[in-house]
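Every read-out reported here was derived from the displayed coordinates using simple, explicitly stated rules and does not represent laboratory data. Since the model is a prediction, treat every value here as computed from it, not as a measurement. As a convention, Cβ positions derive from the backbone with ideal geometry for all residues, glycine included, and neighbour counts pool all protein chains shown.
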Amino acid sequence: MPTSSISSPGIASGLDVNGIISKLMELERQPLNRLTTKEANYNAKLTAYGSIKGALSSLQVAAASLAATTTFNSKSVAVSDATVVTASASSAAAVGSYTLSVTQLAKLHTLRSTTDYAATTDTFNTGTLAISIGGGSAVNVTIDSSNNTLAGIRQAINDARAGVTATILNDGTTNRLVLTSTTSGAVGAIAVAVTDSGGGGTNALSGLDSASLLQTQPADNALFNINGIDIIRSSNTVTDAIEGVTFKLTKGTLAAPGTATLTIDRNTETITSAVATFVKAYNDAVGLLKTNSSFNAATKVAAILNGDNTVRSLQGQLSDLVNTAVTGIAGGISSLSGIGISVQKDGTLVTDSTKLTAALADPTKDVTALFTQTTVGNEGIAVRFSATLRISIGFDGLIAGRTDGIAASIKEIINSRDALNLRLEKIETRYRAQFTALDTMMANMQKTSQYLTQQFKSSSN
């Protein structure tokens with residue numbers, strides 16, 4: 001606001017110019033105050049719609065999870081003895097039971113040197129180590145004057161990435177070179193061929209060829225039996241014996257076979273968790289819509305979105321989505337109530353967990369189709385929810401249309417307020433000019449009055 005040069009009562013009139021102008025401007029600012037209140041109201045509506053959109057977005061995500069057949073095809077594996085085998089299953093696994101007997105675990109082929117080496121700095125002749133795994137192509141490791149120590153050979157082998165890991169073990173008095181295959185089973189068997197130049201060190205390089213090395217662990221395959229069928233694998237982690245099942249063998253020998261039963265079943269926990277998430281998200285959305293559009297009859301206070309048509313439309317959408325039947329589902333179920341999920345008087349959902357568990361366990365009830373069916377015009381509940389909400393909360397959906405309108409109204413208010421502020425500045429400037437002139441005039445009149453009074457006194461004398 002402009003600041004007047006008059007900061008005290010009138011020079012001669014005694015008028016409280018600032019006070020008078022302040023009161024007049026309070027009246028002039030009433031339209032501005034109304035705009036400010038209106039803007040705050042619109043901003044509150046935008047905040048409310050932001051919360052509603054977030055709740056509906058969470059509901060859409062929950063519905064999308066239930067609309068995916070993979071949620072209902074999820075499988076679990078129960079193992080009777082976890083010391084023998086651990087297992088997991090994908091949706092591709094078939095429900096069933098398997099008896100497993102392990103008579104041999106796959107092992108990593110391990111060789112060690114037979115020569116005792118006093119120190120890791122002991123030297124060797126130069127030459128080449130040709131290392132092959134499982135009868136495959138050899139990787140040549142060059143040993144020269146830069147690496148012809150025990151430690152140098154270990155490092156050269158590891159740097160060559162020949163499919164073996166080289167280490168040096170010290171038993172307290174001597175050092176030995178140990179080679180361990182990085183691949184288990186017969187396909188990981190180590191072979192070392194040596195070309196010894198015959199010079200450069202105190203130890204023959206030929207002492208590190210296969211014939212000279214001692215096998216400390218054989219390159220054994222895993223041997224096991226599933227439902228009477230003998231199976232051989234190079235690894236203890238098996239992915240291709242039972243379709244959709246991955247298991248790891250951990251115990252079993254020929255003398256003491258490891259036995260366990262693998263029971264594959266539908267993973268109802270995944271389904272019930274997805275259902276619970278959906279129900280909660282639905283109730284959160286319904287509750288938020290109700291809270292923001294309510295009216296308290298006792299206090300006569302209305303919520304920020306009371307009477308809002310968009311809110312009513314969204315409430316109607318949710319009600320229709322949850323109550324519209326899905327026809328043609330096996331087991332006679334056509335709605336959420338058929339699996340233990342009912343609509344309460346306040347519009348929220350409640351789950352009867354016992355009834356839901358029973359429905360999931362009943363092979364005659366196609367709970368999967370109730371949620372995931374994609375038949376046009378007869379979509380499953382979750383498919384219908386996901387598609388409808390994706391549109392409602394999209395860039396051109398119900399909420400976007402409403403919030404865009406509110407944002408446009410706020411912009412108009414800002415423009416109007418700017419214009420009104422300019423007008424108020426001019427009005428205040430005019431008021432101050434008028435009251436300054438009034439004060440000056442009254443000062444002049446007072447001076448004239450004083451002069452005349454003096455003249456009257458002089459003439460009477």
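Does region 145-192 classify as rounded, prolate or oblate by the C-alpha gyration tensor (a ≥ b ≥ c root eigenvalues; a/c under 1.5 gives rounded; else a/b over b/c gives prolate, otherwise oblate)? Each step should come with its number before you reach the end.
Numbers: a/c = 2.91, a/b = 1.38, b/c = 2.11.
It comes out oblate by the Cα gyration axes.
Report, to two decimal places, the Cα Rg of region 238-341 normalised by 2.2 N^0.38 Å (N = number of residues). Spell out each step's value before the answer.
On the way: Rg = 25.3 Å, N = 104, 2.2 N^0.38 = 12.8 Å.
Taking N as the residue count of region 238-341, the ratio is 1.97.
For the chain, find the longest principal axis of its Cα atoms and tell me its angle to the long axis of helix 381-392, 0 to 90°, nearest 10. Long axis of 381-392 versus the principal axis of the chain: about 50 degrees. Evaluated with a Cβ-only charge set (Lys, Arg +1; Asp, Glu -1), region 108-217 carries a dipole of roughly 240 debye about its Cα centre, given to the nearest 20. Once divided by 2.2 N^0.38 Å, the Cα radius of gyration of the chain becomes 1.96.
Computed over the Cα atoms of region 180-220, the ratio of the radius of gyration to the Kirkwood radius (Rg/Rh) comes to 1.09. For helix 17-28, what angle does its Cα long axis make with the longest principal axis of the chain, in degrees from 0 to 90 and rounded to 10? Orientation of helix 17-28: about 60 degrees from the principal axis.
May I ask for the angle, rounded to the nearest 10°, between helix 268-293 and the longest principal axis of the chain, with both axes built from Cα atoms and the value confined to 0 to 90°? So the inclination is approximately 10 degrees. When 98, 49 are sorted by how many other C-beta atoms sit within 10 angstrom of their C-beta, beginning with the fewest, the order is 98, 49. Here the 3J(HN,Hα) profile of region 416-427, calculated from phi with Karplus coefficients 6.51, -1.76 and 1.60 at θ = phi - 60°, is 5, 5, 4, 5, 5, 4, 5, 5, 5, 4, 5, 5 Hz, Gly and Pro shown as x.
What does the charge count near residue 272 come to, summing +1 for each Lys or Arg and -1 for each Asp or Glu among other residues with Cβ under 13 Å from its Cβ? Don't skip to the answer; put the middle values down first.
Numbers: positive: 266, 280, 355; negative: 269, 352.
Counting the neighbours of residue 272, the net charge comes to +1.
Charged neighbours of residue 348, selected by a Cβ distance under 15 Å, balance to 0 (K, R count +1; D, E count -1). Computed on the Cα atoms alone, the convex hull of region 288-439 gives a volume of 154 cubic angstrom per residue.
Report, for region 108-217, the % of DSSP beta bridges that are antiparallel, rounded to 5.
95
Each Cα pair of region 108-217 feeds into the Kirkwood radius, which the Stokes-Einstein equation turns, at 37 °C and 0.692 mPa s, into a diffusion coefficient of 241 µm²/s. Packing, as the average of other Cβ atoms within 10 Å across residues, places the peptides 73-83, 28-38 in the order 73-83, 28-38, highest first.
Only the Cβ atoms of Lys and Arg (+1) and of Asp and Glu (-1) were treated as charged; on that basis the dipole of the chain about its Cα centre amounts to roughly 2260 debye.
I need the peptides 373-380, 283-290, 261-268 ranked by packing, meaning the mean over residues of other C-beta atoms within 10 angstrom, with the highest value on top. Kindly include the intermediate steps, with their values, before the conclusion.
Details: 373-380: 14.1, 283-290: 19.1, 261-268: 17.4.
So the order, starting with the most tightly packed, is 283-290, 261-268, 373-380.
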